[in-house]
1. Scan the stretch 91-127 for residues that are closer than 28 Å to Gln79 by Cα and either of a type in the set (Gly, Ala, Ser) or touching a His at 6+ places or on another chain (Cβ under 8 Å) (or both) and jot them down.
2. Test each condition in (1) modelled with pLDDT under 85; (2) among the aliphatic types (A, V, I, L, M); (3) open to solvent by less than 70 Å² (accessible area, probe 1.4 Å) for Leu124 and report the one that comes out false.
3. Keeping to the stretch 48-106, report how many residues are at pLDDT 85 or above, within 30 Å of the chain's Cα centre (by Cα) and among the small types (Gly, Ala, Ser).
4. Among what's in the stretch 109-121 and is closer than 30 Å to Gly151 by Cα and exposed (fewer than 14 other Cβ atoms within 10 Å of the Cβ), pick the residue that is farthest from the chain's Cα centre (by Cα).
5. Would you mention how many residues in the stretch 136-156 are free of Cβ contacts under 8 Å to residues at least 12 places away in the same chain and either among the charged types (D, E, K, R) or open to solvent by less than 20 Å² (accessible area, probe 1.4 Å) (or both)?
6. Can you tell me which residues in the stretch 93-105 are farther than 16 Å from Val152 by Cα and either open to solvent by 10 Å² or more (accessible area, probe 1.4 Å) or outside any helix (DSSP H, G or I) (or both)?
Amino acid sequence: MTQQHPDANSAPQENYGPPVPPPYNGAQAPTPPPFPGPQYSAQPPMPQPPQYSGQPPMPQPPQYSGQPPMPQPGYGYPQSKSKIAAGLLGIFLGGLGIHRFYLGYTKIGIIQLVLAIVLSVLGLGFLALWGLIEGIMILAGAVYFQRDAHGVPLRN
């Protein structure tokens, strides 16, 4: 008698599919196959960004297509300076060059300030006359003083 021996080189058979239910013989009710459990993918799911439940987003102002948006002075657009303020600064504090600082001409303002300090130590106060004349020119609307250092026209 010869018995067949299993081949030592063959791999054992494995069950790769769902379990097969026993055959139905009519006497007992068929049982459903067991639930296989959750299926996992090779990659974990991507995390969702957090949803903030604070205040709702600010509504955007309506955009009118017929006209360009108005520039807002506080957001990078230069503001126009007051002609009256520049003229009064020139008349009362012009010897120190304050009106030049106000209009944005810092280089000449520093020159006037240094000259005022040096000449006041020497007892010469005629530099105030320079500021008085420039203050009157600003108020009168002289061509040289119609714009500030950035090219923005002075407002009345």
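The values are calculated or read from the model by the stated rules, or taken from the named source; none is laboratory data. Note that the coordinates shown come from a computational prediction; the quantities given were computed from them, not determined experimentally. Note that each Cβ is placed from the backbone with ideal geometry, even for glycine, and that neighbours are counted across all protein chains shown. Accessible surface is based on the protein model in full, side chains and every heavy atom, while ligands, DNA and RNA are left aside. Shrake-Rupley method; radii C 1.70, N 1.55, O 1.52, S 1.80 Å.
1. Selection gives Leu93, Gly94, Gly95, Gly97, Gly104, Gly109.
2. (3)
3. Total meeting the criteria: 2.
4. Residues of the stretch 109-121 closer than 30 Å to Gly151 by Cα: 109-117.
From what is left, the residues that are exposed (fewer than 14 other Cβ atoms within 10 Å of the Cβ) are 110-111, 114, 117.
On the way: Ile110: 35, Ile111: 38, Val114: 40, Ile117: 44 Å.
The extreme case among them is Ile117.
5. Residues meeting the conditions: 1.
6. Step one: filter the stretch 93-105 for residues farther than 16 Å from Val152 by Cα, giving 93-98.
Listed by number, the residues that qualify are Leu93, Gly95, Leu96, Gly97, Ile98.
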